[in-house]
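Computed from the coordinates by the stated procedures, all read-outs in this text should not be read as laboratory data. These numbers were taken from a predicted model, which means no experiment stands behind them. Note that we place each Cβ from the backbone using ideal geometry, even for glycine, and neighbour counts take in every protein chain shown.
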Amino acid sequence: MDNSTNVLKAESRNLDFFYSNGHRALKSINMPLYEKKITALIGPSGCGKSTFLRCFNRMHDLYPGNKYQGQIVMHPDNTNILDAGVDPIEVRMRISMVFQKPNPFPKSIYENVAYGLRVRGEKNKRTLDDKVEEALKGAALWNEVKDRQQDLAFNLSGGQQQRLCIARALATDPEIMLFDEPTSALDPIATANIEELMSELKSKLTILVVTHNMQQAARVSDYTAYMYLGELMEYGETNNIFTRPTRKETEDYITGKFG
Amino acid sequence: MANTQMQASVLTNLTEVRAMIKRHKRNDIIFAVIGLIALMIGLLTLLTLFIDLVRNGYPRFNAEFFMNFPSRRAGSAGLLSAWVGSILVLLVTFITAVPMGIGAGLYLEEYAAKNWFSDLIEINVSNLAGVPSIIYGLLALGLFVYGLDLGQSILTAGLTLGLLILPIVIVSTRESIRAIPVAIREAAYAVGATKWQVVKDHVVKYSQGGILTGVIIGMSRAIGETAPIITIGALTFIAFLPPSPVTEVAPYINFEWLSSGFTVLPIQMFNWLSRPDHAFHINAAATGAIIIVVTLLMNGTAIWLRYRIRKNIKW
C-alpha cells in the first residue's frame with residue numbers, strides 16, 4: 001500500500017466522549033480516516049469502538065446528556081462535525097450508517113431505499129426510481145428484488161435485509177459510510193457477501209467499520225485501529241497491525257490470547 | 001459386588017425421582033383446576049347475565065324497537081332517540097379525545113424532556129384512567145354546563161366522555177410508541193430525518209394498531225357510561241331527534257345538534273328499569289343486551305384491526 005496516494009477524508013482530534021452518566025467512554029482519540037479506504041475498529045467489548053463510530057454521525061445527540069470534547073474534522077471542507085453550530089442532520093446527510101442488526105423499516109423494499117431521498121424532499125418519481133435502482137445495484141441486491149420492489153422488506157432473508165440497509169444508506173450518495181458490526185447477525189455466506197460488497201463500495205466512498213471478527217478486519221480493511229478501554233492503542237495499515245503489531249496488547253488481542 | 005450396589009442405588013434414586021415428578025405434576029393439575037374455576041366464575045356469570053338479558057328482552061328485538069321514540073306504553077316504546085343520541089355523543093367524544101389523546105401521547109413520548117415533571121405527569125395520567133366516572137360528571141357539570149354555559153347538551157356529554165377516555169387513549173398511544181424498537185428510530189435518524197419526519201413517517205405509522213385499539217376500547221367504555229351523563233343532567237325521556245347534522249341546503253352541515261338535549265342507550269335503560277311496570281323491564285333487558293353486543297363488536301373490531309396491522313410489522 002502506498003501512503004502517498006492517501007487523501008485524508010476525516011480525522012478525529014483529541015476526541016473525548018462522555019455519556020450522560022459521566023462515564024468517559026473515549027479518551028483523547030486521534031485517528032485519520034483516508035478517502036476510499038476501509039478503516040476497521042477492533043477491540044474487546046466495551047472498549048468504545050461503537051461509541052467512537054457513532055460520534056461520526058452524531059448518533060449520541062439523540063440521547064440527552066451525552067457530551068463530545070475535541071473534534072472530528074471532515075475534509076476537504078474542514079468542517080468540525082462535532083461543533084455545536086453544525087446541525088447533526090447535516091452530518092447524517094453526509095455520513096450514513098449501517099447497523100449491527102438489519103433494521104429495515106416495516107415498509108416496502110422500494111420505500112426503504114427511497115426514504116433517505118424523500119427526507120431530502122425528492123418527489124420526482126423518475127428520479128426516485130432511478131436512484132433506488134442504482135442503490136439496489138450498488139448493494140448487489142437488484143437482481144434479487146427488481147421484480148418485487150413493493151414487497152415488504154421483512155420478507156427478505158437476514159443477509160438481504162442487511163444489503164437493503166446498505167442500499168438505503170447508499171441511496172443518498174454519502175461521503176462516508178459507517179458499519180457497526182454489520183455481519184454479527186448473519187450467517188457465513190451472507191457475511192462473505194457483505195464483505196465483498198464493502199470492498200466494492202470503497203471505490204466510491206470512505207468506510208469505517210466496527211468488527212468483532214479479526215479475520216474480517218484482516219480481510220476487508222486497509223487500516224486497522226485497536227481500541228482498549230476507550231483509548232486508541234494502535235493504528236496502522238492492516239497488514240502491519242496483523243503481522244507486526246508494535247504493542248503487546250494488540251498482539252495478544254489479535255492472536256486471541258485475550259478479548 | 002460394588003457394581004450391583006451401584007445399580008441398586010441408581011434404581012432407588014430413579015424411583016425417588018419418579019415419585020417427585022408425580023408429586024409436582026399433581027400440583028400442576030391442582031393449580032390448573034383452580035385457575036379454570038376462577039376463569040369460569042367470571043365468564044359464566046357474564047354469560048348468564050347476557051343470556052338472561054336476551055331471554056327477557058327477546059320480544060323487543062324488532063325494527064320497531066329501534067325506530068320508535070320512548071312512550072308511556074311499554075309495548076310501543078323504542079330506542080330511536082337513545083341510539084341516535086349515543087352515536088352523536090360518541091361522535092363528539094371521538095373528534096375531541098382522539099386527536100388530543102394521540103397528540104398528548106406523542107408529545108410526552110417524543111418531545112417532552114424526561115425529568116421529574118414529566119414523571120409527575122405520567123403518574124397523573126395513569127391515575128386519571130382510574131378516577132371514578134362520576135367525578136368526571138361533576139367536573140363537567142361545573143366546567144361545561146355552568147362555566148362554559150354549554151348546557152345539558154350533546155356537546156357537553158361528548159366532551160365529558162372525551163375527558164373520561166382521554167387517559168386511555170394517551171396511555172395506549174404511549175405504550176404502542178414505546179413498542180417501536182430503538183433500532184428503527186435510529187435508522188430513520190441516520191438517513192438524516194428530522195424529529196418531525198421520524199414521528200410522521202415512522203412513529204405514528206407503526207403505532208397505529210395499538211393506538212386504534214386504545215381508541216376503540218375507550219369508545220366502547222364511553223358507550224356504556226351512565227353516571228357522568230346523568231350528573232350533567234341528560235334527559236331521560238326524549239321524544240324528538242336532535243336537528244340533523246346534514247341539511248339539504250348549503251352549507252349542508254349544521255351544528256345545532258350539538259346544543260340539543262339528548263338521551264343515550266344506558267340512560268334509556270336506566271329510565272325503563274326504574275319504572276314499576278314490569279313491561280318496561282323487558283325494554284331495559286333488550287337495551288342491555290344491545291349495549292353488550294355493541295361493546296363486544298367494538299372490542300372484536302379492535303382485536304381484528306390490531307391483528308391486521310400487526311401482521312405487516314415484525315420485530
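Here is how the numbers come out for the structure above:
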read-out	value
Dipole-positive endmost among A:103, A:132, A:160 within chain A (Cβ charges, Cα centre)	A:103
Sorted by Cβ density within 10 Å, fewest first, the residues A:92, B:18	B:18, A:92
GNM flexibility winner over chain B from B:276, B:242, B:167 (Cα, springs under 10 Å)	B:276
Sequence of A:222, A:77, B:119, A:151 once ranked by neighbouring C-beta atoms within 10 Å, starting from the fewest	A:77, B:119, A:151, A:222
Sorted by Cβ neighbour density within 10 Å, fewest at the top, the residues A:235, A:228	A:235, A:228
Dimensions (Å) - the stretch A:186-259, Cα atoms, principal axes, largest first	33, 26, 23
Rounded if a/c under 1.5, otherwise prolate or oblate - chain B, Cα gyration tensor axes	oblate
Prolate/oblate/rounded label for chain A (Cα gyration tensor, a/c 1.5)	prolate
Counting all C-alpha pairs of the stretch B:1-52, share separated by more than 17 Å (%)	62
Cα→Cβ-extended label distance, 7 Å offset, between residue B:123 and residue A:77, nm	4.8
Within the protein assembly as shown, helix-based [θ] at 222 nm, where runs of 4 or more DSSP H residues each add -39,500 (n - 2.57), nearest 500	-17000 deg cm²/dmol
Magnitude of the charge dipole, the stretch B:62-311, Cβ model with Lys/Arg +1 and Asp/Glu -1, debye to 20	600
Difference of contour (0.36 nm per residue) and Cα-Cα distance, residue B:294 to residue B:61	82.5 nm
Chain B, relative contact order [Cα under 8 Å, separation at least 6], %	25
Estimated dipole of the protein assembly as shown in Debye, rounded to 20 [Cβ of Lys and Arg +1, of Asp and Glu -1, Cα centre]	1220
Above-threshold pairs, the threshold being 29 Å between Cα atoms, out of A:146/A:204; A:202/B:200; A:67/A:257; A:125/B:205; A:202/A:257	A:202/B:200; A:67/A:257; A:202/A:257
For the stretch A:138-191, fraction of C-alpha pairs farther apart than 15 Å, in %	50
Linear extension gain, residue A:123 paired with residue A:246, 0.36 nm per residue minus alpha-carbon span	39.0 nm
Partners for residue A:27 among aspartates and glutamates (Cα-Cα distance below 13 Å; same-chain residues under 8 apart left out)	A:16, A:231
Integer Hz, Karplus 6.51/-1.76/1.60 couplings in order for the stretch B:40-45, x for Gly and Pro	5, 4, x, 5, 5, 4
Projected-area mean, the protein assembly as shown, by convex hull of Cα positions, square nanometres	42.4
Point-to-point label distance, residue B:113-residue A:143, nm (Cα→Cβ direction, 7 Å offset)	5.5
Cα-centre dipole for the stretch B:2-58 with unit charges at Cβ (Lys and Arg positive, Asp and Glu negative), debye to 20	140
